[in-house]
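What follows draws every value from the coordinates through simple rules; no lab data is involved. Bear in mind that the values here come from a model prediction, so they are computed numbers and not experimental data. Don't worry about glycine lacking a Cβ; one is built from the backbone with ideal geometry, like all the others, and counts go over all protein chains shown.
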Amino acid sequence: MSGGIRFDSVSVAYDGQVVLDSLDLTVRPGEVMALLGPSGSGKTTALRAVAGFVRPVGGRVFLGDRDVTDLPPHRRGIGMVVQQYALFPHLRVEDNVAFGLKARRTAKAEIRTRVAEALELTGMSAYARRYPRELSGGQQQRVAIARALAIRPGVLLLDEPLSALDAQLRSGMLTELARLHRELPDVSILHVTHDQVEALTLADRIAVMDKARLVACGTPRELYRAPADEFTASFVGNANLLPVTVADGGVVLAGTGLEVDTRDAAKGARATLCVRPHLVGLGDGPNPLTGTVTEVQWRGATHRLYVDVAGHRVIADLRELRTPPAHGDPVTLHFAPADAVLLAAGVGDD
């Protein structure tokens, strides 16, 4: 089946409540698209609409050039991996991987070939005769991925597949999924996650969802460096969001003038200044912000400072400091004009 997914004004409602509102989105053939958003944002519903587990009340779903809106799940030819593995405990690994092929009545010789290929691709060939209970969580998730790939889908759906793993296993699986993407360049992947690191690491593009609607869509670099709104700025990475007023040559924060690009903003307008914490420095520099340390967190390679600047919280992520400031210390922070983005006014520094 040809790859690619297209949502054409897709809406889904449960008991009259809209949970996905007029979604227009295209996943290109061979692309990894992450659906990123908080719980209840509509991202899992969108994935389930592609899988055929929910029926849209409006709009159409296309896989490649096929309208699959009215097709049952088993006729869509997709692979799917969920967070709880969903392996059959009484079947060995090789039989779990073969399950979808047997359901499609694939020839026995072909099943053996495809199972071997899928296990090799996921690094699980040596575990073919084991039962799921004899595997770690990460190994079980690899088996689930192998089962999805064995049917050679044009579209692979990942529904928070790493959320049940601990941090170390999750990091390893991120590497494995990135490798799989390189080795399967024709497979379109729709990856639902609430984890920013997963989205930034794996996705070619990220679709940000909130309150049943698509808020923004772009490459990870675009959304991180130049978010279009406060929600995207705060959800794709950490962000300092500070209420400012546009002035000549920059903006004003609590009476302090700051130099930033204001070419698209009207003088006197209220706006929100977005600066990423890792771009905030400690000590003298351009755009100084003077305040008081309210919290210091040691994070191994970095220290995170929380600083009160005229009643607004500013976060600075700094490479590990030999002598970090303490709670209550006065400090000066700074940031380069090119590292700030001016957004339409919103919630400020919540």
Where does helix 108-121 land angle-wise versus the long Cα axis of the chain, in degrees 0 to 90, nearest 10?
20 degrees
Which far-off residues, 5 or more places away or on another chain, put their amide H under 5 Å from the one on Gly64, with H placed in the peptide plane?
Gly4, Ile5, Arg6
Mind telling me which of Leu214, Leu289, Leu91 comes out most flexible in a GNM of the chain, alpha-carbon contacts under 10 Å?
Leu91
Listing Glu120, Glu198 from the residue with the fewest other Cβ atoms within 10 Å to the one with the most, what is the order?
Glu120, Glu198
Taking the 0 to 90 degree range and rounding to the nearest ten, how far is the long axis of helix 93-103 tilted relative to the main principal axis of the chain, both from C-alpha atoms?
70 degrees
Show which lysines lie in cross-link reach of Lys43 when reach means a straight Cα distance below 16 angstrom and same-chain residues fewer than eight apart are skipped.
Lys211
Could you state the angle between the C-alpha long axis of helix 137-150 and the longest principal axis of the C-alpha atoms of the chain, as a value from 0 to 90 degrees rounded to the nearest 10?
60 degrees
Per-residue HN-Hα couplings for the stretch 272-287 [Karplus 6.51, -1.76, 1.60; θ = phi - 60°; Hz; x = Gly/Pro]:
10, 8, 10, 9, 6, x, 6, 9, 9, x, 9, x, 5, x, x, 6
Shape of the stretch 239-344 from its Cα gyration tensor (a ≥ b ≥ c, root eigenvalues): rounded if a/c is under 1.5, otherwise prolate when a/b > b/c, or oblate?
prolate
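Taking neighbour counts of Cβ atoms within 10 Å as a proxy for exposure, in what order, fewest first, do Asp15, Asp186 appear?
Placing the least packed residue first, the sequence is Asp15, Asp186.
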Report D for the chain in µm² per second (integer): Stokes-Einstein, Kirkwood Rh on Cα pairs, 37 °C, 0.692 mPa s.
146 µm²/s
How would you rank Ile315, Ile5, going from fewest to most other Cβ atoms within 10 Å of each one's own Cβ?
Ile315, Ile5
Kindly identify the stretch 89-137 as rounded, prolate or oblate by the Cα gyration tensor criterion: order the square roots of the eigenvalues as a ≥ b ≥ c, call it rounded if a/c is under 1.5, otherwise compare a/b with b/c, prolate if a/b is larger, else oblate.
oblate
